[in-house]
Each structure stands twice: as C-alpha cells, then as structure tokens.
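To start, the structure under review is shown below, and the notes come after it.
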Amino acid sequence: MKNRLIHMTLTAAASLMWFSPMFMQTGVAQVTWSPDLRLNSQADIPNAISTPLPDISTGVTYTNGVADRAIKTCQDYLNSVRAGFYPKDNLETRLAGSFVFRCYVLRDLQSAKPATSGIPFKWSDNSLSQLPPILVVGAKDVEKAAEKAEQNGTSWQQYNPELKITSIKNDQLIAEDKENYYILTIVARADFNGDGVSDFAVVGTANGKQTSWVSNKYFIFSQTANGNLVRLTSDKIPYQIKAEIPN
C-alpha cells in the first residue's frame, strides 16, 4: 500500500512536467505555467480556483481540532488554510498534495507579470548546491536550525550531505537521502514579486521511505547573480510572497 501511494505521488508530480519557452537574458518573457493547470490564459484563473479539482472528485477533509471542513476547490482550500485548518491525518495529507500542486500557484499567477530580465532556470546536477535547505524533516528545533542555515547562506546540499539527485527530467528533480524521497517540480515561470526578474514556482514533496510520513510544500525561487537560489515565499502555510525581497 505504501509503495503504491509513493508511486501515485511520483506519478502526480510527473504529470506536471512541461516545457517553457526560451527567452533572452534581457527582454520580455511570457508568463508560463504547467499545462496540468488547464489554463488558456490568466483570465481563466478565477474560474479555475472555484472549480472542484478533477482528480479528487470527493475532495479532502481538513480540521481545526474542533470542526471539520470538506475541501473540493482551490477557493475552499485557500480559505481553510488561512483560517488555520489542516489535514486530519497522513492519508488526507497525501490527497491534499493535489491542492498544494495547484492552488498556491494559481493564486500567485493572478498577479504575476512577464519578466524583463533573467534566464529561465532549469534543474541541473548542481541544483542541490544552489537551493537553500527545504523540505527539512524534524521537530521545531530542527526547522529553526534549517531556517538559520538558510539565513547564513548554507545550501541544501551542505545542510544535508547525504542528499543525492536520482533523476532530472525536464522540470522535475528527484532526490533522496537515507530516510526520504524528495520530488521538486517547477510549475510556473514569471516575475512574481514585481522586480522584473524571472522567478519560478516549485511544488515539493517529501516521502518517508520506511514510514507513511509525507510533506507537501510550495516555493517561489529567484536566482541571484552568483547562481544561488533565494526563496521569495514564507516557509509556513499559506506561503505568502515576502514583503522584503532577499538580496
């Protein structure tokens, strides 16, 4: 059962792979996104947010510890996480992965602009050394240590030397360490924070190898002049774009 659930997660993430148009280092680039979002244009986003997800017809159940909410649309999901609701159990967390893949990027694409500078980022063998520590597994003290490492400019590879890439295909990167599998998929490219530079939105999933544990997160990154990737979104749900742009 666990292997089947991991396979389902990998398959769902793989379905998000897409190809973005190339553009020059300076100039205007279109806002682009995964065809899995089923958008013809940004004008379609309000309807997409209010339409039930086609791959989860029954929805998922979130709770705040007192009351439960049935979630079927991205609007349901975004309203619920802002109100402090969360998945009832690990199974609901796995099912909610489809909402993480879809809803945050739809929200942010509504105000995204064409980038006027930068080169579209693509995963490479060096990506773990460009990324900050993300999808970190552990208690609050472990999370705080990862946050401090990110502030100090430590890369994910430096923070977790056991981490290794197992696959790069188009806009999907798969990595693993002794305990977990990690899947990172680029789902949109645009200027998300208004500075004119090309950014990219990523959905990330971590799966425990020997447990039912799973974590789904959303990020927006921008590449600095020295090649490092800085995170433009907060580390906590609902992953808002930070008011202060990282250097």
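The values are calculated or read from the model by the stated rules, or taken from the named source; none is laboratory data. From a predicted model like this one, the values you see are computed outputs, not experimental measurements. Here Cβ is always computed from backbone atoms with ideal geometry, including for glycine, and neighbour counts include all displayed protein chains.
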> Restricting the search to region 109-136, which residues are of a type in the set (S, T, N, Q) and under 17 Å from the mean Cα position of the chain (by Cα)?
Replying inline: 110, 127, 130
>> Just the residues that are crowded, with 17+ Cβ neighbours inside 10 Å and either part of a loop (DSSP other than H, G, I, E, B) or over 19 Å from the mean Cα position of the chain (by Cα) (or both), please, taken from region 77-86.
In response: 85
> Conditions: (1) of a type outside the set (S, T, N, Q); (2) at pLDDT below 95; (3) in contact with a strand residue (DSSP E or B) (Cβ under 7 Å, 6 or more places away or on another chain); (4) farther than 16 Å from residue 218 by Cβ. Residue 85 meets all but one. Number of the miss?
Replying inline: (2)
> What number of residues within region 140-165 satisfy the criterion of being assigned to a strand (DSSP E or B), among the β-branched types (Val, Ile, Thr) and over 23 Å from residue 188 (Cα atoms)?
Replying inline: 0
>> Within region 27-46, take every residue that is farther than 17 Å from residue 102 by Cβ and in contact (Cβ under 8 Å) with a residue 40 or more places away in the chain and give me the one that is farthest from the chain's Cα centre (by Cα).
In response: 27
>> Name the residue that is nearest to residue 105 (Cα to Cα), counting only residues in region 166-193 that are part of a loop (DSSP other than H, G, I, E, B) and of a type in the set (Asp, Glu).
In response: 171
>> All but one of (1) in contact with a helix residue (DSSP H, G or I) (Cβ under 9 Å, 6 or more places away or on another chain); (2) part of a loop (DSSP other than H, G, I, E, B) hold for residue 236; state the number of the condition that does not hold.
In response: (1)
> From the residues in region 50-75 that are free of Cβ contacts under 8 Å to residues at least 24 places away in the same chain and touching a Pro at 6+ places or on another chain (Cβ under 9 Å), which one is nearest to residue 92 (Cα to Cα)?
Replying inline: 59
> Scanning region 18-57 for residues that are within 23 Å of residue 77 (Cα to Cα), of a type in the set (A, V, I, L, M, F, W, C) and surrounded by 14 or more Cβ atoms within 10 Å (Cβ to Cβ), which turns out modelled with the lowest pLDDT?
Replying inline: 56
> So which of 200, 219 is surrounded by 15 or more Cβ atoms within 10 Å (Cβ to Cβ) and touching a Gly at 6+ places or on another chain (Cβ under 9 Å)?
Replying inline: 219
